[in-house]
1. When only Cα pairs under 8 Å and 6 or more residues apart are kept, what is the percent relative contact order across segment B:229-351?
2. Explain nothing, just compute: Karplus ³J(HN,Hα) = 6.51 cos²θ - 1.76 cosθ + 1.60, θ = phi - 60°, for every residue of segment A:65-71 in order, whole Hz, x for Gly and Pro.
3. Could you size up the charge dipole of chain B around its Cα centre, putting +1 on the beta carbon of Lys and Arg and -1 on that of Asp and Glu, and report it in debye to the nearest 20?
4. Quick check on my link table: of B:184/B:349; B:176/B:255; A:138/A:163, which ones sit more than 28 Å apart, alpha carbon to alpha carbon?
5. When the Debye formula is applied to the Cα atoms of segment B:124-346, each taken as the same point scatterer, what base-10 log of I(q)/I(0) results at q = 0.09, 0.11, 0.14 Å⁻¹?
6. Could you work out which residue, out of B:254, B:277, B:142, moves most in a Gaussian network model of chain B, that is, has the largest mean-square fluctuation with Cα springs under 10 Å?
7. Enumerate the residues in segment A:31-67 having an amide nitrogen under 13 Å from the point lying 7 Å beyond the Cα of residue B:158 toward its Cβ.
8. For chain B, modelled as a Gaussian network with Cα springs under 10 Å, which listed residue fluctuates most, B:125, B:173, B:280?
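Derivation of every value follows stated rules applied to the coordinates shown; laboratory data play no part. Please read all numbers here as calculations on a predicted model, not as lab measurements. Reconstructed Cβ throughout: ideal geometry from the backbone, glycine too, with neighbour counts over all protein chains shown.
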Amino acid sequence: MNLVTPDFGLLFWMVVIFGIVFFLLAKFGFPIITDMVESRSAKIAQSLKDADEIEARMAAWKTEQAQMLETARREQAAILREATETKNKIVADAKEQARAEADKILAEAKLQIAAEKESALRDVRKEVALLSVQVAEKVLRHELSDEGSRRAFIDSLVDEAGKAPMQHT
Amino acid sequence: MMLAVLISLMLLQGDFSAPLRSGRNDMSEVSGRNDTTSVIPSEAEESIDVAEIIFEHIGDEYEWHITEWKGKPVAIPLPCIVIEDGVHVFTLHHAAENGYTLNENGKLVNAVTGKRPIDISITKNVLSLMMSSLLLLVIVLLTARWYKRHDVLEQAPTGLAAAMEPLVMMVHNMAKENIGPDYKRYSPYLCMAFLWIILNNFLGILPFFPGGANLTGNIAITLVLALFTFFTVNLTGTKHYYKEIFAPDVPAFLKPIMPVIEVFSALMKPVSLTIRLFANMLAGHIMILSMVCIIFIMAKYGPLLSGGMTVVSVLFGVFLDALECLVAFIQAYVFTMLSSIYIGLARVKEE
């Protein structure tokens, strides 16, 4: 039964040697290796994470850039359109104003012309009236130079005057 | 993977029993040989004693027997150290002068009283243990030195460090998976156990001097390993772990039975660890040795038969050696894995 009976000497040496080697390696061996490798793994994991983050940020930037370009283009178009509209409006307004001004001037001119015309007509009428009174004076003086004619004239006037109220009534 | 393990285990266990039985029957003859200070009689040339050859290779001895040269054994003499009313140190050749002799199991006993003294001799296994442990120490310290001297964040490991890192990290990650938050406390022990077992498994497969000792196939060695695991598990268990053993949350009628079962199962864990590693490695050695012995057994049956059987046994031997390399890894892995699982079970937290 040699095989299945643990031998004391071997037990003793195994405990001593395994214990010593384990103590040494647990102190100066394995923790150094595993700590180093773990720190490296952590660094690699961190680097991968950072790379992912940067990639995500880059992608975000790219879309942001595209968006900015798009808005700029839209704004440019809007500004251009607005400018055109303003220009058209200003031109239209100016035209409108000019027309109104012209109309006003024209109307004023017409009124003035009408007034001038009126005053001219009044002058002419006054002149004509004066002339006709002078002509009538001259004619009367000439015609009423003799008695007979004076009498005849007075009679006609009386007749006329007599007839005239009847006509009015 | 599992299937391969199962098949290899079945193969190992199946073949393991046959030579062992024949070995037991011839035990008396073996020990008789040992008494005559291992000088091989002349008739040994004719008939080969398979059991003796096998047991010499898988067992322990007080000198490292390497080969026979011109009928004389070539062996490395090792110091025998016995403690019995004082410490006695001598080599096996001078055992009689110091009043000691070998008993029927090949162990030193007092020549007068026939009692076993406290025997801490540097036997073949102890020397192998010392050499392999020193080798492991050097390898791991050199690896650690590489990591100390290089900036690991800038440089990939080279040479020894590159070879050792995957093994160490495999065990370290196993500990992380199986133990949980405080795995760092246990990782060095698991790394140590794994590397020590796998190194000695491979050295055991090696047939010549630095290797060749059947260390991990020795029950004393595997028992110590299993006890290290046992104490690690049971001395650092959480309160909850002990509560589950001694006062589990079960129906009243089970209360008296459960602690008995739990204690028994806790005690059986190191036993199963001991026997699994020991039996697997021992069986592998016995199988390979049996294959080699077939060549010598068949030598007297004529050139045709012995030639044919030599080819067959060499092919089988190559296959078994390859299988042993697989088993050497698997058994180291299984021992470490189970240790980490047991530790993980003892680190349970209250839910």
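1. This gives 42 percent for segment B:229-351.
2. Residue by residue, segment A:65-71 yields 4, 4, 5, 4, 4, 4, 5 Hz.
3. On the way: 23 positive and 31 negative charges, 218 e Å.
Computed about the Cα centre, the dipole is about 1040 debye.
4. Going by Cα-Cα distance, B:176/B:255 fall outside the 28 Å limit.
5. -0.50, -0.69, -0.95
6. The residue that fluctuates most here is B:254.
7. none
8. B:173
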